[in-house]
Each structure stands twice: as C-alpha cells, then as structure tokens.
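The values are calculated or read from the model by the stated rules, or taken from the named source; none is laboratory data. Just so you know, these numbers come straight off a predicted model, no measurement behind them. Positions of Cβ are generated from backbone atoms using ideal geometry, with glycine treated the same way; all protein chains shown enter the neighbour counts. Each accessible area value is taken on the protein alone, full model and side chains, heavy atoms only, with ligands, DNA and RNA left out. Shrake-Rupley method; radii C 1.70, N 1.55, O 1.52, S 1.80 Å.
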Amino acid sequence: MNVMLVVLSAAADASATPWPEADSDVWILPSGPDELAQHLTAHPASTVLVLTASREGTAARLAITVAAGAHPATRFALREASASVLGLAAVGRQATRITADPAAALRLVDAQLDRIVSGVWLRRVNNLSDPAPGLWHHLRSMLPTAGGFLVVFGADPRVTTAAVRTPTEATVLVAAADPNPVAQAIGRSDVTRVAAPISTKNAYGSAGAEFVALPPAPVLAPAPAGCPICQQGCDGSVCQFCHVVIVGQERAA
C-alpha cells in the first residue's frame, strides 16, 4: 500500500509542505475542511495516517470526512495527541522510514506518542492559551530579559522555566535556525537542528522553537489479527482503516 502521513495544524502554511525534505512522505497541512481532500487530488495515496494536536481533533475529523467523500478508495486513520507539531511530524517520519505497511506504521506511531517528550521554547507566553500560563509567567513575560519559557505537552502539559528531563537515549530535534536557546533550556547539548514544520508565532503567539526528544523506535510484534476487508493488521476489535469490527463480523460497521 502507498502510505502517506499528514500532520494537520491550524498554524501550517497555506500550501502543503513536505517535512523535513522535499521527497518526504510526511506532509504538513492546514486543518481546514478542504485542504486534505485537495492535497490528495494532487498527491494520491491509498492509505493516509493523519496526526493532529488534541485541541484540533474536531477540525481533523471534519477534514477526513470531506477527504473520504472526495476519495472513496483512500483509507484514513486518525491519531490525536498532546504534542508539538514537530513531535507529531518526527514520530510520523520515523515510522514511515521504518515500514511501508500502514498497520505497522500506525502501531509505531501509537507506541512513540506515549514515549516522546515534546514542547516549544517561547520568548513570551502572553498569547499562549493551551496550556494556560500562570500569573507569574505572564508577569515574567513582560520583562525585557525574561529568558524564555518551556511549554511541555503530553500527559502533564505545563509552562515552566525549569529544565525538562529527556531520556538520554532519545534524539533531541529542535526546529530553529539557532537551537542553542532550546538546548540550554532543556539541558541538552547534543541537539539536532531540523526544518520548522510551522511558525511558532502562528501556533503559540510568540517567537520560539519547537522541540521533541524522540526515543529509538521499539521493535513490535506483528498485529495479532487481520482485517477481512483491507487485510491490515489490527490490535483491537475494530480496524483502524476500514472501521469494521474484526471480532463478531455480524456487527460490522
């Protein structure tokens, strides 16, 4: 199957952008209702894995509904996560480089979304709403020498000025021309500079840089069941691509 991974973000450029390089299977798209359908008209794919931030889940579901209507032969799977756009893109890129099998790529994405540490370093947090800064952060943000803030996503989203612990075995990616402020803020000198998938000013209201600590991909056992419709592996009772019930086919959606 031809697998495409798409990250939907309201802060994305108006035109679809491959990330991190021009020949990548990972695309950054605006989260409007028509962009995904239009993109697939120009770049057909049999299977599309869509990743988006949790706060944009409603927009992503609408985009998939419109795209599925325009491209009925294409199958879609959606994952929403509390992560930076860079984090979503990096996890997707890692998965698609390891495997071209849609079910295997989706299982790797699921595993890594639970393991990454992602966020954004911002100069100011006055325009940030999710996660909401505290009063002290707002006051500190008014100082000309504030020094920046770390916004961390995941199970415990927060705004902090303290260093963020990252797994030593993880590769730290920083989307900035100058990654040093982020490296200093998170306490890691071994960071890798990558292309920025979105503008932090558009996404978070301030100049800054997204980052992600990406652990090595785990080795996963094959999925235990296959979908009778699309033949993709499936861990649960519902196919993530066809949305039919694997166990008890008389209840198929």
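Before moving on, here are some points about what is shown:
- Failed item in (1) modelled with pLDDT of 95 or more; (2) open to solvent by less than 10 Å² (accessible area, probe 1.4 Å), with residue 58 passing the rest: (2)
- Selection count, the range 16-31, where residues are touching a Leu at 6+ places or on another chain (Cβ under 9 Å) and either over 20 Å from residue 118 (Cβ atoms) or of a type in the set (D, E, K, R) (or both): 3
- The residue of the range 224-237 that is modelled with the lowest pLDDT, among those that are assigned to a strand (DSSP E or B) and either surrounded by fewer than 21 Cβ atoms within 10 Å (Cβ to Cβ) or small (Gly, Ala, Ser) (or both), is 225.
- Scanning the range 129-138 for any residue that is surrounded by 15 or more Cβ atoms within 10 Å (Cβ to Cβ), in a helix (DSSP H, G or I), at negative phi and at pLDDT 90 or above turns up nothing.
- Hey, residue 93 under 24 Å from residue 130 (Cβ atoms), modelled with pLDDT of 95 or more and of a type in the set (Lys, Arg) or not: no
- None of 33, 72, 44 is surrounded by fewer than 19 Cβ atoms within 10 Å (Cβ to Cβ) and within 15 Å of residue 3 (Cβ to Cβ) except 44.
- Subset of the range 142-155 (residues that are modelled with pLDDT under 90 and either out of contact with any Leu (no Cβ under 7 Å at 6 or more places or on another chain) or assigned to a loop (DSSP other than H, G, I, E, B) (or both)): 142, 143, 144, 145, 146, 147, 148
- Listed here are the helices (runs of 4 or more DSSP H) enclosed by the range 8-112 that have at least 2 residues being more than 11 Å from the chain's Cα centre (by Cα) and under 20 Å from residue 202 (Cβ atoms): 35-42, 57-70.
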